[in-house]
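Step one of this worksheet: look at the structure below.
No value in this document is a laboratory result; all are computed from the given coordinates. Predicted, not measured: the structure shown is a model, and the values here were computed from it. FYI the Cβ positions are ideal-geometry reconstructions off the backbone, even for glycines, and counts take in every protein chain you see.
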Amino acid sequence: MALLENRVALVTGAGRGIGAAVAQGLAAEGACVVVNDLGASLEGAGVECGPAREVADGIVKAGGTAIADDTDITDFDAVEAMIDRATAEFGRLDIVINVAGILRDGMIFKMTEDMWDAVINVHLKGTFNTARHASVHWRENRGGQYRLINFVSGSGVYGAPSQPNYAAAKLGIVGLTYSCANALRGYGVTSNCIAPVATTRMTEALGNRGTFDYSPGNEKLSPKNVVPPVLYLASSRSDWLNRRIIAAGNGRISLYTNYDEQVAVEAETENSVWTNEAAFEAMECSFKEAKEPPNAFDPKP
Ligand SMILES: NC(=O)c1ccc[n+]([C@@H]2O[C@H](COP(=O)([O-])OP(=O)(O)OC[C@H]3O[C@@H](n4cnc5c(N)ncnc54)[C@H](O)[C@@H]3O)[C@@H](O)[C@H]2O)c1
């Protein structure tokens with residue numbers, strides 16, 4: 001039996017790039033796939049229903065099962081209708097994978113309100129919308145092996161200087177994912193993040209100038225290299241894996257640490273209330289010694 005036989009998946013942003021590769025990978029493993037994509041430009045403008053349909057048609061031609069959907073994931077009510085359509089069409093919904101995304105880059109001192117809102121809307125609100133409506137279905141049908149898989153980014157983990165909106169949205173998605181992991185595990189849901197790296201229209205303009213060589217010929221950065229850990233998370237083998245970030249791409253699959261207290265100091269007064277100077281001294285004494293976490297955006301020596 002194929003890995004994902006009898007499982008139904010919804011993938012947002014599946015008309016291009018990594019989402020398309022994920023949808024094709026799911027279908028090749030036997031899943032029925034709802035291929036969602038608004039057909040937006042990289043900056044989030046415009047609508048064309050071609051990309052979702054092309055990917056869904058390609059899956060069907062290859063012998064798989066898929067339907068195309070061009071819902072704008074920022075629309076709360078429309079996303080509810082999309083989830084209803086998925087369950088009506090296939091009788092169930094096991095896997096939701098939030099891949100859709102846009103970019104409106106700019107330094108914080110140049111960022112407009114529109115740039116901020118557009119990116120927060122697609123990434124953070126879009127992920128909330130699908131998780132919110134799918135969770136109702138999972139709660140009503142508790143006891144499955146349901147999967148919420150949300151795409152995040154090293155941009156948020158490390159703090160990309162020219163992407164304050166995108167970094168905030170992606171780290172917001174981490175918090176949302178952790179919350180869902182704790183809230184929904186009783187209903188049979190696991191909730192995890194994927195932090196990908198791949199050559200797509202989002203990154204190809206960078207060429208080989210940055211940390212990675214995004215030239216189209218570099219197979220290590222093919223979106224296909226992001227797919228195996230997503231399939232693993234989507235499968236029933238991954239029950240044990242919850243509330244984690246997995247990075248994928250460039251030939252690597254890695255597990256990130258989760259946030260936790262690193263070092264603590266305690267007030268030693270009778271009522272445990274710090275004086276300012278005692279707190280300052282204790283913080284400097286203990287926190288300066290703590291190991292600095294890696295920062296991908298440190299200036300190069
Ligand atoms: N490519 C990378 O190296 C990289 C790195 C870190 C994170 N990511 C994340 O991975 C995901 C996929 O990125 P990609 O590189 O494949 O990008 P991409 O631009 O190739 O694909 C994104 C897709 O999302 C769709 N989309 C945008 N707004 C939408 C909306 N409102 N409703 C429905 N669909 C919408 C677009 O039409 C597009 O087809 C994104 O969440 C991105 O932030 C990518």
### Task
Using the charge dipole of the chain (Lys, Arg: +1 at Cβ; Asp, Glu: -1 at Cβ; taken about the Cα centre), state which of MET82, GLY186, VAL8 has its Cα farthest towards the positive end.
VAL8
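What does the charge dipole of the chain about its Cα centre add up to, to the nearest 20 debye, if the Cβ of each Lys and Arg holds +1 and the Cβ of each Asp and Glu holds -1?
1040
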### Message
I'd like the orientation of helix 50-61 relative to the chain: the angle between its Cα long axis and the longest Cα principal axis, in ° from 0 to 90, rounded to 10.
### Response
60
### Task
Could you please state, rounded to a whole Å, how far the C-alpha centre of segment 99-130 is from the C-alpha centre of segment 165-239?
17
### Summary
Here the Kirkwood hydrodynamic radius of segment 8-255, Cα-based and in Å, equals 17.8
### Summary
Connecting every pair of Cα atoms under 10 Å apart in the chain and solving the GNM, the largest mean-square fluctuation among MET82, MET107, MET283 falls on MET283
### Query
Once the other residues with Cβ under 15 Å from the Cβ of GLU140 are scored (Lys, Arg +1; Asp, Glu -1), what is the net sum?
+1
## Note on the structure
If each K or R counts +1 and each D or E counts -1, the residues other than TYR187 whose Cβ falls under 11 Å of its Cβ total +2
### Query
So how tilted is helix 276-287 from the main axis of the chain? Cα-based, degrees 0 to 90, rounded to 10.
60
### Task
Name the most mobile residue of ASP70, ASP117, ASP260, meaning the one with the largest mean-square fluctuation, in a Gaussian network model of the chain with Cα contacts below 10 Å.
ASP260
## Note on the structure
Within segment 72-171, DSSP-loop chymotrypsin sites (Phe, Trp or Tyr not before Pro) with at most 15 other C-beta atoms within 10 Å are PHE109
### Kirkwood-based shape ratio for segment 262-301, expressed as Rg/Rh from alpha carbons
1.19
### Task
Report the relative contact order of segment 8-255, percent, no decimals, based on alpha-carbon pairs under 8 angstrom and at least 6 residues apart.
18
### Query
With each run of n ≥ 4 DSSP H residues scored as -39500 (n - 2.57), what mean residue ellipticity at 222 nm is computed for the chain after dividing by its residue count and rounding to the nearest 500 deg cm²/dmol?
-10500 deg cm²/dmol
#### Entry: GNM flexibility winner over the chain from LEU42, LEU176, LEU26 (Cα, springs under 10 Å)
LEU42
